[in-house]
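Below is one structure, written out as structure tokens; the observations come after it.
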Amino acid sequence: MDRSPYIVAEIGGTHIGNLDRAKKLAKLARLSGAHALKTQKRNPVESVPKSLQAKPHPNELFSYGETYLEHRLKLELNIEEHGYLKKYCEEIGITYSTSVWDMTSTREVIELNPEFIKVPSAMNHNTKMLDALIKDYMGDIHVSLGMTTAEERKKLYKYFAKNPKRFVVYHCTSGYPVPFEQIYLKELKVLKEKLEPKGIRVGFSNHGKGIAIEPAAYVLGATYFERHFIDDRTFLHTDAACSLEPQGLHKLCRDLKCIQRSLNYKGYGMDGIELTQRNKLRS
């Protein structure tokens, strides 16, 4: 089967604003078999709603600051550090990318010019951001469909169809973590039928648990797979509960590649492996 799975290890802000930790996660993702590392780029003053900036983090256990704004500022790499991380990823053989959460970050990352830029579910309604990426950036644009109504998705489909070959669109349920019954895997069939004929590629961003779901998602039509990744699931970050550790990511990458190899027709001949057994076991 020629539809190769592409696996993105999403580290989000689990580097907690530490470039060395981000590099460590990049190296682990590369060794686990992922094709790309993805982090996030925010200007917290711009992206955090004013109504939340002075309030404490909703879960004190995961807070890195006294207010939510301070927390978000502590978890950021500046654009120069993103540049260093991109260079490091190139050196070790894994693609660098990032989600953008505001117009300032969008302009900064466009200048950095990664292979692809992600628009997260929380920002998929921001057509100003999408317009800037289409106009001023030449790479692929990945977009998650979490947090959208059916009507909002229809509008986005029409929007993507204006530049179809630029977009990878991910089915996603935005939760951390998401119960299996709320992953809604059959939505991938809908995306495949609606978007692939237009040239738009289909992906799956899984916020659930375990590694059982991605193989089914691949068979249902997803080619791109984004999965939260961390070195230790006991790490104090809200993403940790829905993240894979290196062993889990390695198994996921292995399984998807094995499924790709196995999804073909046998034909009417007989393979040598079976002919050997036929000659031995048939009288």
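Quick notes on this structure:
- Using Cβ point charges alone (K and R +1, D and E -1), the dipole size of segment 32-91 about the Cα centre works out to roughly 220 debye.
- Since only Leu19, Ser51, Tyr6 are under comparison, the one whose Cα sits farthest along the positive direction of the charge dipole of the chain, derived from C-beta charges on Lys, Arg, Asp and Glu, is Tyr6.
- Long-range HN-HN contacts of Val168 with modeled amide H, under 5 Å: Ile141, His142, Val143
- Beyond 31 Å in Cα-Cα separation lie the following of the pairs Lys24/Lys135; Lys38/Lys251; Lys55/Lys189; Lys23/Lys257: Lys24/Lys135; Lys55/Lys189.
- In this simple spin-label approximation, Gln53 and Ala212 carry label points 7 Å from Cα along the Cα→Cβ vector, and these lie 4.5 nm apart.
- Compared with the direct C-alpha span, the chain from Arg278 to Thr104 gains 56.0 nm at full extension, assuming 0.36 nm per residue.
- Nearest 10 degrees, 0 to 90: helix 150-160 Cα axis against the chain principal axis: 80
- Global geometry of segment 141-273, whether rounded, prolate or oblate, following the gyration tensor of its Cα atoms and the 1.5 cut on a/c: oblate
- Extension gain for Ala150-Leu19 works out to 43.3 nm (0.36 nm per residue, less the C-alpha to C-alpha distance).
- Per-residue [θ]222 nm for the chain (sum of -39500 (n - 2.57) over DSSP H runs n ≥ 4, rounded to 500): -12000 deg cm²/dmol
- Amide H contacts under 5 Å for Tyr6, placed H, 5+ residues apart: Tyr224, Phe225
- Full-stretch length increase - Ser262, Ala132 - with 0.36 nm per residue and alpha-carbon distance subtracted: 42.7 nm
- In degrees, nearest ten, helix 272-281 long axis to first principal axis of the chain (Cα): 40
- Magnitude of the charge dipole, segment 57-191, Cβ model with Lys/Arg +1 and Asp/Glu -1, debye to 20: 860
- Two-decimal log10 I(q)/I(0) for segment 158-213, as the Debye equation yields it once each C-alpha is a single scatterer, q = 0.20, 0.25 Å⁻¹: -0.73, -0.94
- Alpha carbon centroid spacing (whole Å) that separates segment 87-147 from segment 232-278: 28
- Tensor-based shape of the chain (alpha-carbon gyration tensor, a/c under 1.5 rounded, otherwise prolate or oblate): prolate
Throughout, read-outs are computed from the coordinates displayed, never taken from laboratory work. Keep in mind the model is a prediction, meaning the values are calculated, not measured. In this analysis, Cβ positions are derived from the backbone assuming ideal geometry, glycine residues included, and neighbour counts consider all displayed protein chains.
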